[in-house]
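Enquirer: Here you go, one structure.
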Amino acid sequence: MESHSGIAAVVKKTLNRRYRAERRFRRIGLAAVAVGLLFLAVLFTAIVSKGYTAFQQTHVLLDVYVDPDVVHVGNLDSADYQGLIKASLRELFPDVKGHRDKRNLYKLVSSGAGSILRQKVLEDTSLIGRRIQIWVPADDDVDMVIKGHVDRSLPESQRRLNNKSLAWVDALKEQGRLEKRWNLTFFTAGDSREPELAGIWGATVGSFYTLLITLSLSFPLGTAAAVYLEEFAPRNRWTDLLEVNINNLAAVPSIVFGLLGLAVFLNFFGLPRSSPLVGGLVLTLMTLPTIIIAGRAALQSVPPSIRDAALAVGASKMQAVFHHVLPLALPGMLTGTIIGMARALGETAPLLMVGMVAFIVDIPRGFTDAATALPVQIFLWADSPERAFVEKTSAAIMVLLGFLILMNGAAVFLRNRYERRW
Amino acid sequence: MTTVGEIRAANPRMTCRQVNVYYGDKHAIKNVSIDIGRNEVLAMIGPSGCGKSTFLRCLNRMNDTIEGCRVTGTITLDGQDIYDPDLDVVLLRAQVGMVFQKPNPFPKSIYDNIAYGPKIHGLARTRSELDQIVETSLQKAGLWDEVKDRLKHPGTGLSGGQQQRLCIARAIAVSPEVILMDEPCSALDPIATARIEDLIHELREQYTIVIVTHSMQQAARVSQRTAFFHMGDLIEVGPTDRIFTRPRHSLTEDYITGRFG
Ligand SMILES: Nc1ncnc2c1ncn2[C@@H]1O[C@H](COP(=O)(O)OP(=O)(O)OP(=O)(O)O)[C@@H](O)[C@H]1O
Ligand SMILES: [Mg+2]
C-alpha cells in the first residue's frame, strides 16, 4: 500500500482513465443519436419533398353557360352538367373538330367537374340561364404536366398526353386559366379511381372508427387484466404461464392476428367484412398484450410502501389498489395505451386479412360500413399505376405521420404532466 | 432457545406464542413468545437485522403482503387469534395501526393523508368532524403548527422528519387500539423526538404501543417493558428499568453496554 497521503496520487492515476471512458461513452451516445436523427431527416425530407405537391391541385377556369334547356328546376339533380363543362371547353377551342380530338379535349378537365358545377347550381338556382366563371380540377395528367412531372422530350406515344393536348394545356396556361390551388378535395373526399378526386378523408374516418373500437375495448380490458394480474392474482405456475403467453402474444406478427380475425370474427361470427368493427376487434387483439405489459410495468413502478401505507390504516386490498396504486400507475398505463394505439393506427397487414383493403369511395358512416384505414390507403395508392398517386401516397404518409406525432406527443405530455416522482 | 425474564403480562392485550417467521428458507423469527400488556409501552431493541421489524409486522399481519413470507404459531388480540382464517384482516389493521421504519406518506395533500383512514372507515359524518380529526391528529403528532397553513400541499413535500410525524398522525387518526411503531424517531431531531415521546406517554393512557428503537435512552424513557432480540431469538424480556440496570443474559448485557450491535 501507498502511504496515507498517497491516496490522492493513486486516485489521480485512475481518474484520467475514468474521465476518458466517460467522454468516449458520451461521444458514442451522441453519435448514435445523430445517426438516428439523420435517418429521420432523410425519411422526412424524402416524404415531404415528394408529397407536398399533393396539397395543391391544378384547376382550370371555365366560362360555363348554365343552359336553361339543359338544367331546369325539374332536373336539378340529374342534369347533364358534364355536358355543360364540355360545351364550355368547345367554346374555348372552337377549332377542335373530330370525334377523337374532342374526346381528348374533354379529358383535360376532371370527370368530377360536372358534380362541382351541380353543387354550385344546387346552392344557387338563380345561376340558371347565366354565364358563370368556375374553377374546376384539371385531369391528373394535366396536373402532372403543370407540376413538371412529365418529360416533354419523350416520343408522343410514350406520353399520356399527345402533342395536341399539350398545346391546349399551354394555351390554357397562357390565358391564365390554369392555376395550382389548395387541394381541399384531398382532405374531404374518399378514395377515387381519378387521382384528382381522391382524398384521404374516407380512410381517416375509417381509421377513427377502427381506433375507437380498439381503444374502447383494449384500454378497459388491458387495464383490468394488468391490475388483476399484478395486484390480485396469486403467483403460481398458471400465472407464470399466462405471463409468458402474454409476452409471446406481444411479439406475434400482426398478420397472424388478421388471420385469426378472419377465421373468428368473419367466418365464425359472421360480422360484416371490411368494417371498422372487425378491424377494431382485430387491432384490439393485437394491442391488448402491449397494453397489459405496459400496465403491469406501471403498476410495478409504484413503490410497495404506498400499498403498505394504505393497508396499514385499514384499507382493503381493493381500496389500496384503486385509491392509491392505480392513480399513480395511470399515467404510465395511458402512455402504454397511446403507444399501443399509435401502433394500431399504423398497422396494415391484419386489416388486409379482414377485407379493409377494398376500394371504397363513400365516407363510412358507422362501425359496420365498409371502410378502409390510413395505412391501407397508403398501400392502395402506392400500388396504383397513375403517376399522380405517387405524390398522393407521400401526402397520405405525411397525414399518417402527423397523427402519429400527435399521439406520441400526447403520450409524452401525459407522462410529464401526471408522472409523480417520489 | 428459551427467553430469559417474564414473557407474561398481568393484563395482556396481545399474546404471542411460539411465533416463527420464515422468508422462504430464511428463518427470521425463532419461536418467540411474549405478551403485550394493556396500556403498556413495549420497546423492542436489538442489533440491526435481528428481526424486530419482522416481528412487529406479524402483529397486524402486514407480513401477508410479502411474497414467500410464512408465519406460524399463535398471536391473539383480546383473546382472538388474528391468524384465524375467519378473522377480517381489514378490521384487524384498523385496530392495530402501524408507523413504518421509512416514512411513506401518500403522494397526496397533507390533509388527505390524514383524512384517508377516517374516510374509508366512516369515522366522520360531516366535513367539520373530519377537519377536527385531522387537526387533533396533527396536533398530537406535533406537526399542526408547522403545516396548518398548507394542508393542501403535498405530504411528500415535507422534510423527512415531518413526513414521519405525518405518518404517525395518519396512524392515530383512525384511533387504533394498538399502535406499532418501527423506529419512529430515527429521522427526527431531538426536539421532534421529545415531542413524539411525549405523545407516546399521552397515548399510553388509551392505547397499547409497541415501539422498535435503536436508542437505549429512548427505550428507557418511554417503555415499561423491553424485549431484546438477537438473530431472530427473543433473548430477554422484562421491566425496562430492570433490563437496563440488571440484565440477566450476557448478550443483553453486551448489547446495552455497547459492546456490540
Ligand atoms: N422481505 C424480506 N425477504 C427476505 N428476507 C427478509 C425480508 N425482510 C427482512 N428479511 C430478513 O429478515 C431478517 C430480519 O429483518 P428485519 O427487517 O426484521 O430486521 P430489523 O431487526 O428490523 O433490522 P433494522 O434494525 O436494521 O431495521 C434480516 O436478516 C433480513 O435480511
Ligand atoms: Mg427494522
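Enquirer: Let me confirm something: among A:Leu271, A:Leu283, which residue is within 25 Å of the chain's Cα centre (by Cα), surrounded by fewer than 24 Cβ atoms within 10 Å (Cβ to Cβ) and over 16 Å from A:Gly332 (Cβ atoms)?
Expert: Details: A:Leu283 fails: surrounded by fewer than 24 Cβ atoms within 10 Å (Cβ to Cβ).
Checking each option against the conditions leaves just A:Leu271.
Enquirer: If you check B:Ala43, B:Ala94, which single one turns out to be at pLDDT 95 or above, within 16 Å of the chain's Cα centre (by Cα) and either more than 16 Å from ligand 1 (Cβ to nearest atom) or of a type outside the set (Phe, Trp, Tyr) (or both)? First the steps, then the outcome.
Expert: On the way: B:Ala94 fails: at pLDDT 95 or above.
None of the other options fit; the residue is B:Ala43.
Enquirer: Consider B:Thr54 carefully, then state whether it is within 8 Å of ligand 1 (Cβ to nearest atom) and polar (S, T, N, Q).
Expert: Details: within 8 Å of ligand 1 (Cβ to nearest atom): yes; polar (S, T, N, Q): yes.
The answer is yes for B:Thr54.
Enquirer: Look through A:Val109, A:Val96 and report the one residue that is within 26 Å of A:Ala79 (Cβ to Cβ) and surrounded by 20 or more Cβ atoms within 10 Å (Cβ to Cβ). First the steps, then the outcome.
Expert: Details: A:Val96 fails: surrounded by 20 or more Cβ atoms within 10 Å (Cβ to Cβ).
So the residue among A:Val109, A:Val96 that is within 26 Å of A:Ala79 (Cβ to Cβ) and surrounded by 20 or more Cβ atoms within 10 Å (Cβ to Cβ) is A:Val109.
Enquirer: Is it the case that the stretch A:391-413 has a residue that's among the aromatic types (Phe, Trp, Tyr), closer than 18 Å to A:Asn183 by Cα and either out of contact with any Gly (no Cβ under 7 Å at 6 or more places or on another chain) or assigned to a loop (DSSP other than H, G, I, E, B) (or both)? Can you show your working first?
Expert: Looking only at the stretch A:391-413, we keep the residues that are among the aromatic types (Phe, Trp, Tyr), and these are A:403, A:413.
Keeping just the survivors that are closer than 18 Å to A:Asn183 by Cα gives none.
Taking every residue of the stretch A:391-413 in turn, none turns out to be among the aromatic types (Phe, Trp, Tyr), closer than 18 Å to A:Asn183 by Cα and either out of contact with any Gly (no Cβ under 7 Å at 6 or more places or on another chain) or assigned to a loop (DSSP other than H, G, I, E, B) (or both).
Enquirer: Would you mention how many residues in the stretch B:81-116 are in a loop (DSSP other than H, G, I, E, B), of a type in the set (Lys, Arg) and more than 16 Å from ligand 2 (Cβ to nearest atom)? First the steps, then the outcome.
Expert: Let us first name the residues in the stretch B:81-116 that are in a loop (DSSP other than H, G, I, E, B), namely B:82-88, B:100-108.
Then drop every residue that is not of a type in the set (Lys, Arg), which leaves B:102, B:108.
If we keep only those that are more than 16 Å from ligand 2 (Cβ to nearest atom) as well, we get B:108.
Total meeting the criteria: 1.
Enquirer: Ok, one more. For residues that are of a type in the set (A, V, I, L, M), under 17 Å from A:Ala224 (Cα atoms) and surrounded by fewer than 20 Cβ atoms within 10 Å (Cβ to Cβ), tally how many sit in the stretch A:328-355.
Expert: Residues flagged as of a type in the set (A, V, I, L, M), under 17 Å from A:Ala224 (Cα atoms) and surrounded by fewer than 20 Cβ atoms within 10 Å (Cβ to Cβ) within the stretch A:328-355 amount to 1.
Enquirer: Here's something else I'd like to know. Looking at B:Ser159, B:Ser175, B:Ser186, which is the one that is within 16 Å of ligand 2 (Cβ to nearest atom) and hydroxyl-bearing (Ser, Thr, Tyr)?
Expert: Matching residue, one of B:Ser159, B:Ser175, B:Ser186: B:Ser186.
Enquirer: Looking at (1) within 14 Å of chain B (Cβ to nearest Cβ); (2) touching a residue at least 60 places away in the same chain (Cβ under 8 Å), which is the one condition that is false for A:Ala310?
Expert: The failed condition is (2).
Enquirer: Let me ask something else. Give me the residue from the stretch B:43-80 that is within 13 Å of chain A (Cβ to nearest Cβ) and acidic (Asp, Glu) and, out of that set, farthest from B:Ala227 (Cα to Cα).
Expert: Filtering the stretch B:43-80 for residues within 13 Å of chain A (Cβ to nearest Cβ) gives B:53, B:56-57, B:59-69.
This time we only want the ones that are acidic (Asp, Glu), so: B:64, B:67.
On the way: B:Asp64: 24, B:Glu67: 27 Å.
Once the filter is applied, the top-ranked residue is B:Glu67.
Enquirer: Of all residues being hydrophobic (A, V, I, L, M, F, W, C) and within 15 Å of ligand 2 (Cβ to nearest atom) in the stretch B:198-218, which is nearest to B:Pro176 (Cα to Cα)? Just the residue, please. Let's see the steps before the verdict.
Expert: Start the filter on the stretch B:198-218 by keeping residues that are hydrophobic (A, V, I, L, M, F, W, C), which leaves B:199-200, B:203, B:209-212, B:216.
From the residues that got through so far, the ones that are within 15 Å of ligand 2 (Cβ to nearest atom) too are B:210-212.
Details: B:Val210: 13, B:Ile211: 15, B:Val212: 18 Å.
Among residues in the stretch B:198-218 that are hydrophobic (A, V, I, L, M, F, W, C) and within 15 Å of ligand 2 (Cβ to nearest atom), the one nearest to B:Pro176 (Cα to Cα) is B:Val210.
Enquirer: Of these, A:Ala294, A:Ala371, which one is assigned to a helix (DSSP H, G or I) and either within 14 Å of chain B (Cβ to nearest Cβ) or in contact (Cβ under 8 Å) with a residue 12 or more places away in the chain (or both)?
Expert: None of the others qualify; the one that does is A:Ala294.
Enquirer: Oh, and also: Does B:Arg221 qualify as being in a helix (DSSP H, G or I), out of contact with any Gly (no Cβ under 7 Å at 6 or more places or on another chain) and away from ligand 2 (no atom under 16 Å from the Cβ)? Even if it seems obvious, please write down each step before you answer.
Expert: On the way: in a helix (DSSP H, G or I): yes; out of contact with any Gly (no Cβ under 7 Å at 6 or more places or on another chain): yes; away from ligand 2 (no atom under 16 Å from the Cβ): yes.
Considered against the rule, which asks whether it is in a helix (DSSP H, G or I), out of contact with any Gly (no Cβ under 7 Å at 6 or more places or on another chain) and away from ligand 2 (no atom under 16 Å from the Cβ), B:Arg221 comes out as yes.
Enquirer: With respect to B:Leu130, determine if the residue is touching a helix residue (DSSP H, G or I) at 6+ places or on another chain (Cβ under 6 Å), surrounded by 23 or more Cβ atoms within 10 Å (Cβ to Cβ) and not in a strand (DSSP E or B).
Expert: Details: touching a helix residue (DSSP H, G or I) at 6+ places or on another chain (Cβ under 6 Å): yes; surrounded by 23 or more Cβ atoms within 10 Å (Cβ to Cβ): no; not in a strand (DSSP E or B): yes.
Considered against the rule, which asks whether it is touching a helix residue (DSSP H, G or I) at 6+ places or on another chain (Cβ under 6 Å), surrounded by 23 or more Cβ atoms within 10 Å (Cβ to Cβ) and not in a strand (DSSP E or B), B:Leu130 comes out as no.
Here's the yes/no breakdown for (1) surrounded by fewer than 19 Cβ atoms within 10 Å (Cβ to Cβ); (2) more than 14 Å from every other protein chain (Cβ to nearest Cβ); (3) within 16 Å of ligand 1 (Cβ to nearest atom); (4) not acidic (Asp, Glu):
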{"residue": "B:Gly142", "(1), (2), (3), (4)": "no, yes, no, yes"}
{"residue": "B:Gln162", "(1), (2), (3), (4)": "no, yes, no, yes"}
{"residue": "B:Ile168", "(1), (2), (3), (4)": "no, no, no, yes"}
{"residue": "B:Glu177", "(1), (2), (3), (4)": "yes, no, no, no"}
{"residue": "B:Met181", "(1), (2), (3), (4)": "no, no, yes, yes"}
{"residue": "B:Asp189", "(1), (2), (3), (4)": "yes, yes, no, no"}
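Enquirer: Within the stretch B:133-142, which residues are modelled with pLDDT of 90 or more and not charged (D, E, K, R)?
Expert: Of the residues in the stretch B:133-142, the ones modelled with pLDDT of 90 or more are B:133-139.
Listed by number, the residues that qualify are B:Ile133, B:Val134, B:Thr136, B:Ser137, B:Leu138, B:Gln139.
Enquirer: Let me ask another. So is B:Lys119 of a type in the set (Lys, Arg), within 14 Å of chain A (Cβ to nearest Cβ) and within 16 Å of ligand 1 (Cβ to nearest atom) or not?
Expert: Working: of a type in the set (Lys, Arg): yes; within 14 Å of chain A (Cβ to nearest Cβ): yes; within 16 Å of ligand 1 (Cβ to nearest atom): no.
Answer is no for this residue.
Enquirer: Hey, another quick one. List pairs: first in the stretch A:125-141 and under 28 Å from A:Leu166 (Cβ atoms), second surrounded by fewer than 14 Cβ atoms within 10 Å (Cβ to Cβ) and among the basic types (Lys, Arg), Cβ under 9 Å, 6+ apart or cross-chain?
Expert: A:Trp135/A:Arg181; A:Pro137/A:Arg181
Enquirer: Any chance the stretch B:20-29 includes a residue that's touching a Leu at 6+ places or on another chain (Cβ under 9 Å) and away from ligand 1 (no atom under 11 Å from the Cβ)? Walk me through it before giving the result.
Expert: First, pick out the residues of the stretch B:20-29 that are touching a Leu at 6+ places or on another chain (Cβ under 9 Å): B:29.
Going one step further and asking which of them are away from ligand 1 (no atom under 11 Å from the Cβ), we end up with none.
No; the residues of the stretch B:20-29 include none that is touching a Leu at 6+ places or on another chain (Cβ under 9 Å) and away from ligand 1 (no atom under 11 Å from the Cβ).
Enquirer: While we're here: As an exercise: evaluate A:Met341 against (1) hydrophobic (A, V, I, L, M, F, W, C); (2) farther than 18 Å from A:Ala411 by Cβ; (3) under 20 Å from the mean Cα position of the chain (by Cα) and give the number of the one condition it does not meet.
Expert: (2)
The values are calculated or read from the model by the stated rules, or taken from the named source; none is laboratory data. None of the values given here were measured: they were computed from a predicted structure. Don't worry about glycine lacking a Cβ; one is built from the backbone with ideal geometry, like all the others, and counts go over all protein chains shown.
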